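K.L.:
Before anything else, here's the structure in question.
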Amino acid sequence: MAGGAEVSGGDILRLLRWRLALLNGMAATCGYLLYPSGIDLLQLVAVYGGTALLAAAGSTFNQVLEQDLDCVMERTKGRPLPSRVMSVSTAFVIGAACLFCGLLCLGRTGGAVPPLIGVVTLVWYLAVYTPLKRRTALALPIGALCGAAAPLIGWTLAGGACADHRILLIAGVMYLWQVPHFWLLQRRHRDDYRAAGIPLCEIATGDGRIPLCALWIIALAAGTMLLPVVGIIPQIHAIWCVLFFLPLLLSFLARSEKTLFACFNLFPLLLTLMIWL
């Protein structure tokens, strides 16, 4: 409790950024399902829940470190810490609990490697990406490495080797997805980011249009279309890749960033379904 206000379940969910946490859990599930073995329900729950909890812990600790920025930005000033409905110590305890439970889920079902990858990813997110984004727009592709690690957690928990080309391709595709996904988020809230002094990646052509996102979408489409070619997903699913990226490109050409961002949120689910089915 802080400032006399009671902490509600909604406040805790905002602290954990549950939608982003669930997306990370889905990406880890994608890596788990890719491994050619039977599905163990306990492992499946552990990889989804454990990775989601680690992502929630990262979001919590990130908000502890970035209270000053969150207080300035309209998008984030309603979060529990800047609105003073939750104390820093309470947030830290919640984050630590998520971290412990996430590592326990991964370690008990998958051995030492999956939680180790989780810890390294969390340290990279908090110690490298979080301070770096205050200094340079290039922090975005550096921070995207965190999202690319989620499928690797699922793959290693299932018994796969980190250097296997199949999971490296999936991790590469997830990396390509991360950059335009968060770049679009920055674009939607660019005034907030400028007010907070966070550098934005603004690469424009002569007519003022920004082609950077289109280049990443094309790279993402090309990387995804490689998956059926090399046999990672069934070739029959290649048509779903085309049907997914066509509206993305059309939305970009129409400058409908809201639609584009909504479509991007579905990508981890689509990739998981193509691997599973």
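K.L.:
Look at LEU260 and say whether it is at pLDDT below 80 and surrounded by 18 or more Cβ atoms within 10 Å (Cβ to Cβ).
P.N.:
Numbers: at pLDDT below 80: yes; surrounded by 18 or more Cβ atoms within 10 Å (Cβ to Cβ): yes.
So LEU260 passes the test.
K.L.:
Also: For LEU152, work out the one condition from (1) surrounded by 21 or more Cβ atoms within 10 Å (Cβ to Cβ); (2) under 16 Å from ALA56 (Cβ atoms) it doesn't fulfil.
P.N.:
For LEU152, the failing item is (2).
K.L.:
Name the residue that is modelled with the highest pLDDT, counting only residues in the range 186-231 that are under 17 Å from LEU176 (Cα atoms) and in a loop (DSSP other than H, G, I, E, B).
P.N.:
CYS201
K.L.:
On to the next question. Within the range 162-197, how many residues turn out to be among the small types (Gly, Ala, Ser) and over 16 Å from THR29 (Cα atoms)? Write out each step before concluding.
P.N.:
Filtering the range 162-197 down to residues among the small types (Gly, Ala, Ser) leaves 163, 171-172, 195-197.
Remaining after also requiring over 16 Å from THR29 (Cα atoms): 163, 195-197.
So the count comes out to 4.
K.L.:
Just to be sure, is ALA139 surrounded by 19 or more Cβ atoms within 10 Å (Cβ to Cβ), of a type in the set (Gly, Ala, Ser) and at negative phi?
P.N.:
Judged against the criteria, ALA139 is a match.
K.L.:
Filter the helices (runs of 4 or more DSSP H) completely within the range 1-113 down to those with at least 1 residues that are of a type in the set (Ser, Thr, Tyr) and in contact (Cβ under 8 Å) with a residue 24 or more places away in the chain.
P.N.:
Details: elements: 9-16, 18-34, 41-65, 67-72, 88-110.
Ranges flagged: 18-34, 41-65, 88-110.
K.L.:
Which one of ASP68, ASP40 is more than 24 Å from LEU185 (Cα to Cα) and surrounded by fewer than 20 Cβ atoms within 10 Å (Cβ to Cβ)? Spell out the reasoning first.
P.N.:
Numbers: ASP68 fails: more than 24 Å from LEU185 (Cα to Cα).
Only one candidate qualifies: ASP40.
The values are calculated or read from the model by the stated rules, or taken from the named source; none is laboratory data. Just so we're clear, the structure is a prediction, and the values are computed from it rather than from any experiment. Note that we place each Cβ from the backbone using ideal geometry, even for glycine, and neighbour counts take in every protein chain shown.
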